Amino acid sequence: GPAKIVIIGGGPGGAAVANRLRTAAPDLAITLVEPKEKYTTCFYSNVYIGGFRSFRSITFDYEGVRKRGITVVTDAATAIDTTTKTVTLARGASPLSYDRLVVAPGIDIKFDSIEGYSPEAAKIMPHAWQGGEQTWILKEKLLALPDGGLVVMSSPPNPYRCPPGPYERACMIAHFLKTTKPKSKIILFDAKRYYSKQAVFEQAFMEFYKDIVEINLTNEIDDYSVVKVNPQTGEVTTKSGQTERAVVANIIPAQKAGSIAASAGLTEGDWCPINPQNFSSTKARDVYVIGDAAIAADMPKSAYAAVSQAGVVAADIIADLTGKPRTAGRYHNTCWSMVAPGDSAKIGGDYSPGEKNGKPFLKGENEFISQPDDSPAVRLETNQESQDWYQTVVADLFG
Ligand code: FAD
């Protein structure tokens, strides 16, 4: 029969690889395993939190994927046996067998990295770093915030999903406060000293949100990593011992590859090592890992990056199955962030396989980044570019 491809995870990584394979090789049997009926994109969720989008407009079902002739199984993978080449499902009666497996489970939150944090605590102090219910909870809490109430955010250590994401979120929460709760403030505690597009964000905090946002970056004297929370009292405590009592707390802890990856033996530490030529796992044969779960440095963990990796993986699977030459992948990324109405910044570049300190990595070239002194016209254009990208990518993934 036709070769069987199983894909775990229906986010940008998984959905894109399914779609690319379907288009390029109509005879493959492609199965996408995803427990959620609907996928809410984390990308553009900050824009929703800022009040520029509806929840509905960032939420998609899998009917479009099904219509392409991809089998979508609404279930979670609970085990992978890379010897018998089978995937066990939570509710599925019999395991799925595969010729090639693509693992794209995104991230899981390291709950134990913060004392007092847990899946239950996250209902009170949402991370909103996985899309869906978490995004919704954060927005509801912000809507219910009394004017004058304090918002506290924490930003995680590297590496994590969407490097500029916490700062875009700080801007969008600040915009929401500025326009609806002008007496409120947001304090951000950061485990890091340096972060993505820092110059642009610092300028935006000064220009648009001067008395609203307070950013605390870790330095030689103070470690602003959040180490403890109390969901009952709203207290958020840093490693240096500063405590703030939040009315709304947005706690974004350290992260790791989606837990199926570790249980399948695909991880080294928290993430999955891959061959940068084609994102095949270094841990198991005929298995690929793409998206946030993979160690793809210097490529950031972004939806754009996941889709770019998916294209390479689809081409590699087809070349491998048909005995054609397999060529090393070339990748691209752009991350946009909205800092204020009609004002977005970007960072990006091309990536190709290389080596650093004896280890494989993805070498960046043709890199670009927005500048703090960009004209409003340039920022407006970048904002439009970002909206165009979003519409194109969600149509590509779920349309
Ligand atoms: P995910 O999108 O997390 O998808 C993984 C899927 O796998 C999930 O649907 C999950 O349910 C499923 N899954 C997990 N475990 C299993 C299992 N055992 N069995 C079956 N299915 C499973 N990126 C950008 O490019 N641009 C942006 O502007 C941008 N903004 C962002 C803003 C925020 C606030 C955040 C949090 C992220 C942002 N990102 C952005 C990053 C982007 O959301 C992620 O990089 C992207 O979602 C990664 O895709 P993925 O397919 O690897 O993982």
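What follows draws every value from the coordinates through simple rules; no lab data is involved. Since the model is a prediction, treat every value here as computed from it, not as a measurement. Quick reminder, even Gly has a Cβ in these numbers, built from the backbone with ideal geometry, and neighbours come from all protein chains shown.
For S263, S45, S196, what's the fewest-to-most ordering of other Cβ within 10 Å of each Cβ?
S263, S196, S45
Would you mind ranking H175, H332 so that the residue whose beta carbon has the fewest other beta carbons within 10 Å leads the list?
H332, H175
Taking the simple approach of a point 7 Å from Cα along Cα-to-Cβ for both E202 and E214, what is their distance in nm?
Reported label-point gap for E202 and E214 is 1.9 nm.
How high is the relative contact order of the chain, in percent, with contacts defined as C-alpha pairs under 8 Å that are six or more residues apart?
Relative contact order comes out at 18 percent.
From the residues T238, A144, T74, which one has its Cα farthest along the dipole of the chain in the positive direction, the dipole being from +1 and -1 charges on Cβ of Lys/Arg and Asp/Glu about the Cα centre?
My answer, from the dipole projection, is T74.
For region 203-309, just the Cα set please: Rg and Dmax, both in angstrom.
Answer for region 203-309, Rg first and Dmax second: 18.9, 54 Å.
In which sequence would L28, L21 go, from the one with the fewest C-beta neighbours within 10 Å to the one with the most?
Ascending number of Cβ neighbours within 10 Å: L28, L21.
Which whole-percent values make up P(r) of the chain when all C-alpha to C-alpha distances are grouped in 20 Å steps starting at zero?
Each 20 Å bin holds this share of Cα pairs: 28, 57, 15, 0.
Restricting attention to region 249-290, which trypsin sites (Lys or Arg not before Pro) occupy a DSSP loop and are surrounded by at most 12 other Cβ atoms within 10 Å?
Qualifying residues, ordered by number: R285.
Report the extension gain between A144 and R91 in nm, rounded to one decimal, defined as 0.36 nm multiplied by the number of residues separating them, less their alpha carbon distance.
15.3 nm
So what is the calculated 222 nm ellipticity per residue for the chain, using -39500 (n - 2.57) for each DSSP H run with n of 4 or more, over all residues, to the nearest 500 deg cm²/dmol?
Computed ellipticity for the chain at 222 nm equals -9000 deg cm²/dmol.
So which trypsin sites (Lys or Arg not before Pro) in region 96-199 are both in a DSSP loop and have at most 16 other Cβ atoms within 10 Å of their Cβ?
Answer in residue order: K110, K183, R193.
Starting with the highest mean, order 88-94, 235-241 by the number of other Cβ atoms within 10 Å, averaged over the residues of each peptide.
235-241, 88-94
At what distance in nm do the modelled label points of V247 and E355 sit from each other, each positioned 7 Å from its Cα along Cα→Cβ?
With each label point 7 Å from Cα toward Cβ, the separation is 5.8 nm.
Tell me the label-point distance for the pair E37, E367, using the 7 Å Cα-to-Cβ offset, in nm and rounded to one decimal.
Result: 4.5 nm between the two label points.
Can you give the net charge of the other residues whose Cβ lies under 12 Å from the Cβ of K183, counting K and R as +1 and D and E as -1?
Computed value for this residue: +1.
Given R₀ = 22 Å, FRET efficiency for E385-R330 by Cβ-Cβ distance, to 0.05?
Efficiency for this residue pair is about 0.55.
How many angstrom lie between the Cα centre of region 1-68 and the Cα centre of region 92-171?
Rounded to whole Å, the Cα centres lie 19 Å apart.
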